[in-house]
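The values are calculated or read from the model by the stated rules, or taken from the named source; none is laboratory data. The structure presented is a predicted model; accordingly, all values stated were derived computationally and were not measured. So basically every Cβ, Gly included, is an ideal-geometry build from the backbone, and we count neighbours across all protein chains shown. Heads up: the accessible areas ignore ligands, DNA and RNA and are worked out on the full protein's heavy atoms, side chains in. Shrake-Rupley method; radii C 1.70, N 1.55, O 1.52, S 1.80 Å.
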Amino acid sequence: QVQLVESGGGLVQAGASLRLSCAASGRTFSNYPMAWFRQAPGKEREFVAAIWWSGSVTSYEDSVKGRFTISRDTAKNTVYLQMVSLKPEDTAVYYCASGPTPRTIFYWGKGTLVTVSS
């Protein structure tokens, strides 16, 4: 059984920074990439960023490029999302996820809420 647990969300003002963490347990290794998704109120869940455990390949949604950085600690099965220059439109529940590809997700975390005030 694989479990993903997010942490680090909170309420911040526009321009602030937050670092989200996702700890994976139940398996010491996964061959799947890990990703972050987010869902804003009244909107569909959308892809944010992904990182492949084999190699250093990363992918980002256009709206967060240059502001968000995804990284990993392979030994700890932990993935991070460093967010800077946060905007009100970044307000959403952020979910950690893993699957064969970012479009085929097998495991989801429960989410952590990020609220950015203007």
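Sorting Phe106, Phe37 on solvent-accessible area from highest to lowest, probe radius 1.4 Å, gives Phe106, Phe37.
The ellipsoid equivalent to the alpha-carbon distribution of the chain has semi-axes of 23, 14, 13 angstrom, derived from the gyration tensor eigenvalues as √(5λ) and listed largest first. The relative contact order of the stretch 1-109 comes to 34 percent, based on Cα pairs under 8 Å that sit 6 or more residues apart. Close amide H partners of Ala49, meaning residues 5 or more places away or on another chain with modelled amide H under 5 Å apart, are Trp36, Glu61.
For the chain, the per residue solvent-accessible surface stands at 54 Å², with DNA, RNA and ligands left out and a 1.4 Å probe.
Among Gln39, Ala75, Gly15, which residue has its Cα furthest toward the positive end of the charge dipole of the chain, with +1 on Lys/Arg Cβ and -1 on Asp/Glu Cβ? Going by the charge dipole, the pick is Ala75. Measuring only protein heavy atoms, the 1.4 Å probe finds Trp52 accessible over about 80 Å². Computed from backbone phi, the HN-Hα couplings of the stretch 90-105 come to 7, 4, 4, 7, 9, 10, 7, 8, 8, x, x, 9, x, 9, 10, 9 Hz, rounded to whole numbers (Karplus: 6.51 cos²θ - 1.76 cosθ + 1.60, θ = phi - 60°; Gly and Pro given as x).
Phe68 contributes about 10 Å² of solvent-accessible surface, heavy atoms of the protein only, 1.4 Å probe.
Taking the 1.4 Å solvent-accessible surface of the chain as the whole, the part contributed by carbon and sulfur is 50%.
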